[in-house]
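Down below is the structure, laid out as structure tokens.
The values are calculated or read from the model by the stated rules, or taken from the named source; none is laboratory data. Nothing here was measured: the structure is a model prediction, and the numbers come from that model. Every residue, glycine as well, gets a Cβ built from its backbone with ideal geometry; the counts of neighbours run over all protein chains shown.
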């Protein structure tokens, strides 16, 4: 069954997107990405630290990787736009995850500044995927501004708390005609499957994999959960019932008709 | 020598240094970094010929891991 995700005109093979932060080193990150089969991978931009020279992380990514640079560190639209332009210049392609955060306690995104950044960057030819607080009206404005997908959070970044925003994400899935990608907060494969069963187009996972004792095994588990959740969504789950509905025929061969009726 | 700012810190460079000279001096592979000069991205093709001036502010940025 052909079921490919399409974002900004590009076909994406895996519905598990991976963040690359928090790994002990690039070698482990590379192994984990392979195990996850993720094709879309986030990266960040930082000042060069002359005291601690770094390797080129891009050389550790599979050749068919779609890079999704984020604008982490941006506190307003102007900073996000500046980071996006630098990322494109750096050869990251034209995808960008807009992430505008000025709340340091919960790292919740600023939907208003995010909408402003989308308006500018879409006109400059970027494929824009905004990280956002799941709010229907904000998502509509983002769609109108030309976002290629909407990425609501499941729970605050790095918390591994799961799909706490389930009801709101469900509203976005039903009302917004763009891929909805649950980003942030997903802590267990079962929660990724839950998001996919709801009809999310993909999930973006980083901390849950990177902070597992065995990140490679956890990446495999997430890949399977995302696939399972997607198949469950496509298969159309049956309705729920209050009382038991027998799954086996209740043939009365253990009793004759007279005694069964008494 | 001239005074410039690199990644937010004061630095001294030989007079007439180009962007490329700076990268060589700091041992940075040119294809792994992006340069902003006074808030504007400098096109890679211009690194060799572009001479820096006293008071210039440079940002040298690289791609790193992140979520």
key: Restricting the stretch B:40-62 to residues that are in a loop (DSSP other than H, G, I, E, B), touching a strand residue (DSSP E or B) at 6+ places or on another chain (Cβ under 9 Å) and closer than 24 Å to residue A:54 by Cα, the residue that is farthest from the other protein chains (Cβ to nearest Cβ)   = B:48
request  = For the stretch A:17-30, state whether one or more residues are assigned to a helix (DSSP H, G or I) and surrounded by 19 or more Cβ atoms within 10 Å (Cβ to Cβ).
outcome  = yes
key: Residue identified as at pLDDT below 90, at the interface with another protein chain (Cβ under 9 Å from one of its Cβ atoms), under 25 Å from residue B:38 (Cβ atoms) and in contact with a strand residue (DSSP E or B) (Cβ under 8 Å, 6 or more places away or on another chain) among A:44, A:90   = A:90
message = Checking the structure you have, find out if any residue of the stretch B:16-27 is assigned to a strand (DSSP E or B), at pLDDT 90 or above and closer than 30 Å to residue A:209 by Cβ.
response = no
key: Number of the exception - residue A:130 against (1) within 21 Å of residue A:87 (Cα to Cα); (2) assigned to a strand (DSSP E or B); (3) touching a residue at least 40 places away in the same chain (Cβ under 8 Å)   = (3)
key: Single residue of B:17, B:65 found to be surrounded by 17 or more Cβ atoms within 10 Å (Cβ to Cβ) and more than 9 Å from every other protein chain (Cβ to nearest Cβ)   = B:17
